[in-house]
1. Considering only residues that are touching a helix residue (DSSP H, G or I) at 6+ places or on another chain (Cβ under 7 Å) and away from the ligand (no atom under 14 Å from the Cβ), which ones fall in the stretch 9-39?
2. Is one or more of the residues making up the stretch 196-208 under 20 Å from the mean Cα position of the chain (by Cα), of a type in the set (A, V, I, L, M) and modelled with pLDDT of 95 or more?
3. Restricting the search to the stretch 40-71, which residues are farther than 28 Å from Asn147 by Cα and either touching a strand residue (DSSP E or B) at 6+ places or on another chain (Cβ under 7 Å) or more than 14 Å from the ligand (Cβ to nearest atom) (or both)?
4. May I ask you to verify whether Lys100 is open to solvent by 50 Å² or more (accessible area, probe 1.4 Å), more than 19 Å from Gln169 (Cβ to Cβ), free of Cβ contacts under 8 Å to residues at least 12 places away in the same chain and not polar (S, T, N, Q)?
5. Return the pair list, or none, for Cβ contacts closer than 8 Å from residues in the stretch 117-131 that are surrounded by 23 or more Cβ atoms within 10 Å (Cβ to Cβ) to residues that are basic (Lys, Arg), at least 6 apart or on different chains.
6. May I ask you to list the residues in the stretch 151-207 that are of a type outside the set (A, V, I, L, M, F, W, C) and touching a Cys at 6+ places or on another chain (Cβ under 6 Å)?
7. Which pairs have Cβ atoms under 7 Å, sit 6 or more apart or on different chains, and link a residue in the stretch 21-42 that is touching a residue at least 12 places away in the same chain (Cβ under 8 Å) and farther than 20 Å from Tyr82 by Cβ to one that is surrounded by fewer than 20 Cβ atoms within 10 Å (Cβ to Cβ) and charged (D, E, K, R)?
Amino acid sequence: MAPSLTIESALELPSGNKLPILGFGVWDSPSDITTKSCLEALKVGYRHIDTAQLYGNESEVGEAVKQSDLPREKLFITSKIYSPESDVQATYQKCLDSVKKIDGDNGYIDLFLIHNATVGAESCKTMWQAMEKVHGEGKFKSIGVSNHGIGHLENLKSYAKLWPPAVNQLELHPWLQQREVVEYCQKNGIVVEAYCPLVRNQKADDPTLNEVAKKHSKTTAQVLIRYCIQKGWSPLPKSDNPGRIAQNADVFGFELGKDDMDKLDAQPQEAALVLAVDNESKS
Ligand SMILES: NC(=O)c1ccc[n+]([C@@H]2O[C@H](COP(=O)([O-])OP(=O)(O)OC[C@H]3O[C@@H](n4cnc5c(N)ncnc54)[C@H](OP(=O)(O)O)[C@@H]3O)[C@@H](O)[C@H]2O)c1
């Protein structure tokens with residue numbers, strides 16, 4: 001991995017659009033502080049924010065987009081839909097609700113995802129077709145998926161007019177590497193995004209992680225974010241604490257060596273915090 005990566009580095013999506021490599025997650029961010037946290041993140045250099053209809057804070061992210069001094073085209077906003085309405089047309093309207101909340105009636109969303117394949121194949125198809133329609137109108141610049149296994153992706157391929165999905169957003173960290181589906185995504189040109197990159201701080205006392213952090217005089221959180229970046233994934237760390245928001249962005253002035261990466265790669269694989277994808281399931 002080139003040491004020349006910076007906070008402005010981006011991954012190229014299949015559409016040619018650029019995904020800023022470091023994202024800022026807002027799940028569980030209380031809606032009365034989400035705007036402030038997003039503005040803090042933008043101030044220290046993040047340009048990519050990850051929200052979802054389910055998080056109940058799309059409007060607050062939209063408020064940060066509005067209040068920010070940055071031009072809209074410098075920002076990259078992702079949102080997600082969890083479940084469809086009764087048909088494609090009603091689901092299309094539900095997608096447009098996100099656009100309105102984030103960027104107003106005439107705005108757009110950079111990346112929009114199916115949140116989770118566990119809602120079933122038919123529901124995913126309805127959501128994807130609605131998302132293709134919004135994409136066709138230019139209000140979603142790219143569309144993709146989250147929590148999709150290989151079977152789900154193959155099923156999507158069977159009917160998608162737009163293939164491949166821009167990204168697959170998965171829970172990823174040294175203790176959940178989901179190697180099979182990550183390899184499938186990389187082979188198929190699907191950019192991989194890493195959620196829970198900090199393992200929700202549950203590995204802060206892990207001896208191997210602390211050994212690597214000490215060696216580089218960095219925090220365990222910084223090592224975990226850097227690990228994702230060097231894997232070629234886009235990590236989406238969340239914080240509502242200004243000091244930690246800044247710390248989590250300060251990951252471009254050091255590089256993990258092959259030995260560090262190998263040690264982290266060798267961690268035992270554990271149960272997902274949120275949801276491990278089922279690589280076979282098509283339902
Ligand atoms: N697609 C999906 O199904 C899905 C599922 C889960 C998450 N996500 C996305 O991925 C994002 C990240 O995942 P996540 O929020 O679940 O977990 P995470 O980013 O791994 O961890 C967030 C937790 O770590 C704490 N934290 C942040 N920086 C820290 C630091 N430097 N030192 C110590 N603790 C720190 C935060 O607390 P403070 O806020 O107090 O700092 C928060 O409790 C979400 O916000 C969301 O955007 C997507």
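The values are calculated or read from the model by the stated rules, or taken from the named source; none is laboratory data. All figures in this text were calculated on a predicted structure; none of them were measured in a lab. As a convention, Cβ positions derive from the backbone with ideal geometry for all residues, glycine included, and neighbour counts pool all protein chains shown. We work out accessible area using only protein heavy atoms, side chains counted, and drop any ligands, DNA or RNA first. Shrake-Rupley method; radii C 1.70, N 1.55, O 1.52, S 1.80 Å.
1. In the first step, residues of the stretch 9-39 are kept if they are touching a helix residue (DSSP H, G or I) at 6+ places or on another chain (Cβ under 7 Å); the result is 21-22, 24, 26-27, 29, 31, 34-35, 37-39.
Ile21, Thr35, Leu39 - these are the residues of the stretch 9-39 that are touching a helix residue (DSSP H, G or I) at 6+ places or on another chain (Cβ under 7 Å) and away from the ligand (no atom under 14 Å from the Cβ).
2. From the stretch 196-208, those under 20 Å from the mean Cα position of the chain (by Cα) are 196-202; that's our starting set.
Now drop any that are not of a type in the set (A, V, I, L, M), which leaves 198-199.
From what is left, the residues that are modelled with pLDDT of 95 or more are 198-199.
Yes: the stretch 196-208 contains one or more residues that are under 20 Å from the mean Cα position of the chain (by Cα), of a type in the set (A, V, I, L, M) and modelled with pLDDT of 95 or more.
3. Filtering the stretch 40-71 down to residues farther than 28 Å from Asn147 by Cα leaves 40, 43-44, 66-71.
Result: Lys43, Lys66, Gln67, Ser68, Asp69, Leu70, Pro71.
4. On the way: open to solvent by 50 Å² or more (accessible area, probe 1.4 Å): yes; more than 19 Å from Gln169 (Cβ to Cβ): yes; free of Cβ contacts under 8 Å to residues at least 12 places away in the same chain: yes; not polar (S, T, N, Q): yes.
Criteria met by Lys100.
5. Ala130/Lys94
6. Going residue by residue through the stretch 151-207, those that are of a type outside the set (A, V, I, L, M, F, W, C) are 151-152, 154-155, 157-159, 161, 164-165, 168-169, 171, 173-174, 177-180, 183-184, 186-189, 193, 195, 197, 200-203, 205-207.
Matches in the stretch 151-207: Asn168, Glu171, Pro197.
7. As it stands, the answer is Ile33/Asp240; Thr35/Glu63; Ser37/Asp240, since those pairs meet every condition given.
Rundown of residues vs (1) more than 16 Å from the ligand (Cβ to nearest atom); (2) aliphatic (A, V, I, L, M); (3) without any contact (Cβ under 8 Å) to a residue 24 or more places away in the chain; (4) open to solvent by 50 Å² or more (accessible area, probe 1.4 Å), yes/no style:
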| position | (1), (2), (3), (4) |
| --- | --- |
| Tyr159 | yes, no, no, no |
| Glu183 | yes, no, yes, yes |
| Gly189 | yes, no, no, no |
| Cys196 | no, no, no, no |
| Asn201 | no, no, yes, yes |
| Gln230 | yes, no, no, no |
